[in-house]
Amino acid sequence: MKPLKNDTYLRALLRQPTDYTPVWMMRQAGRYLPEYKATRAQAGDFMSLCRNAELACEVTLQPLRRFPLDAAILFSDILTIPDAMGLGLYFETGEGPRFERPVTCAADVARIGVPDPEGELGYVMNAVRTIRRELQGEVPLIGFSGSPWTLATYMVEGGSSKAFTKIKKMMYAEPQTLHLLLDKLADSVISYLNAQVAAGAQSLMIFDTWGGVLTPRDYNDFSLQYMAKIVDGLTRASDGRRVPVTLFTKNGGQWLEAIAATGCDAVGLDWTINIADAKRRVGDKVALQGNMDPSMLYASPERIEQEVAGILEGFGHGPGHVFNLGHGIHLDVEPEHAGAFIESVHRLSRPYHAE
Ligand code: CP3
């Protein structure tokens, strides 16, 4: 395996000195890129694209051909685990993900097993191996999973939700059923992410997109506790290097100290928190990733640059910042604006890393 040419992203996650602030974009491979739409059309549907290692590799690399990004992220989805558990994932055009067989009761939870990462999920590991080979050491590859709570919301609601009434009903009426589901999901995520590391992932990220809809106590009991179990169970080194783990709870700003205390290496921030405050609170324990509002990419390149400058100034001098959007890039963003964003992070961050 070729040695890593650009390890800026890995160094920043470990709060080691770098020449500039590394940057990647959540959902950097996706529908805002015409070349993505063309490859997806070739694959048929989204899951066929995920299951085809060569095409999944192609769309992973597409944003890197356009922009000098500091990391690649595996092209896949968080819902591969529930799909492998037999729930029957499908995508209704314009509707987002759906499950044919959602989890409704204790008997459904009892039937669920931990999927074999080289069995039902072997297509994901094939994609990781193919991408690592084709990346040729240019930048590190990020592997990922959803958090148990976030995966459970989709499994119990049967798809995307706004009010989360079904899962909250289970949480309050039958907490032990939900805990059993979350525990099976945590075990599944541990074996899935460890298999991604064995296949070549050099950094790991856990997306807790919906932890922020919980009360503080329930966030701890039903989301964070399971992410902490995962952090404990992960392989943290590969090829003689540490494999950093980033936890991202959207809307989780009020719980930063608790998230940092799990033992993760970095915490992802959405845009509802000031990065200077976040650094004051947890910057001596973890690196921070974020935190530009993805809608800012609708603004002019000048306005984008101003926003980048403000976030860099907020974080201030020294290592430990990975620039990113606070959530996924919107599908109708102009690719040129994403390019202007990445270029300004690289250019404007250098003075913050000088001696
Ligand atoms: O480039 C990358 O970031 C890697 C690929 C990636 C996808 N999904 C591809 C995808 C990653 C990291 C994800 C994570 C994911 N998936 C999350 C967590 C992050 C977040 O956004 O909060 C969640 C909640 C999902 C579940 C999911 N998958 C939803 C809600 C949807 C539909 C919404 C949408 O954007 O269409 C998906 C589908 C999906 N996953 C697409 C992509 C590129 C769009 C599918 C298409 O091509 O039509």
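The values are calculated or read from the model by the stated rules, or taken from the named source; none is laboratory data. On a predicted model such as this, the values are computed, not experimentally measured, just so you know. Note that we place each Cβ from the backbone using ideal geometry, even for glycine, and neighbour counts take in every protein chain shown. SASA here: full protein model, heavy atoms, side chains in, ligands and nucleic acids out. Shrake-Rupley method; radii C 1.70, N 1.55, O 1.52, S 1.80 Å.
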Hey, what angle do you get for helix 301-315 against the long axis of the chain, alpha-carbon based, 0 to 90 degrees rounded to 10?
80
Enter the per residue convex hull volume of segment 89-168, computed from alpha-carbon coordinates, in Å³ rounded to the nearest integer.
137
Mean residue ellipticity at 222 nm from the helices of the chain, using -39,500 (n - 2.57) per DSSP H segment of n ≥ 4 over the full residue count, to the nearest 500 deg cm²/dmol?
-13500 deg cm²/dmol
Hey, how many Å between the Cα centroid of segment 329-355 and the Cα centroid of segment 226-248?
28
Zone reached by a paramagnetic label modelled 7 Å from residue 300 Cα along Cα→Cβ, restricted to segment 318-338 with backbone N below 15 Å, covers 337
Efficiency by 1/(1 + (r/R0)^6): what FRET value for residue 309 and residue 92, r their Cβ-Cβ distance, R0 = 45 Å, to the nearest 0.05?
0.65
How long is the gain from residue 331 to residue 317 if the chain were fully straight, where each residue apart is worth 0.36 nm and the alpha carbon distance is subtracted?
1.8 nm
If I model a spin label as a point 7 Å beyond the Cα along the Cα-Cβ vector, how far apart are those points for residue 6 and residue 232 in nm?
3.8
Got the relative contact order for segment 7-352 handy, in percent, Cα pairs under 8 Å and 6 or more residues apart?
22
Compute the length gained on full extension between residue 274 and residue 54: take 0.36 nm times their separation in residues and subtract their Cα-Cα distance, giving the result in nm to one decimal.
75.2 nm
Once 47, 125 are ranked on solvent-accessible area with the largest value leading and a 1.4 Å probe, the list reads 47, 125
Multiply the residue gap between residue 241 and residue 14 by 0.36 nm, knock off their C-alpha separation, and tell me the result in nm, one decimal place.
80.6 nm
May I ask for the distance between the Cα centers of segment 1-71 and segment 99-140, given as a whole number of Å?
18
Two-decimal Rg to Rh for the chain - Kirkwood Rh, Cα set:
0.94
Determine the dipole magnitude for the chain: charges of +1 sit on the beta-carbon of Lys and Arg, -1 on that of Asp and Glu, nothing else is charged, the reference point is the Cα centre, and the result goes in debye to the nearest 20.
380
Highest average packing first - 141-147, 336-342, 130-136, Cβ atoms within 10 Å:
141-147, 336-342, 130-136
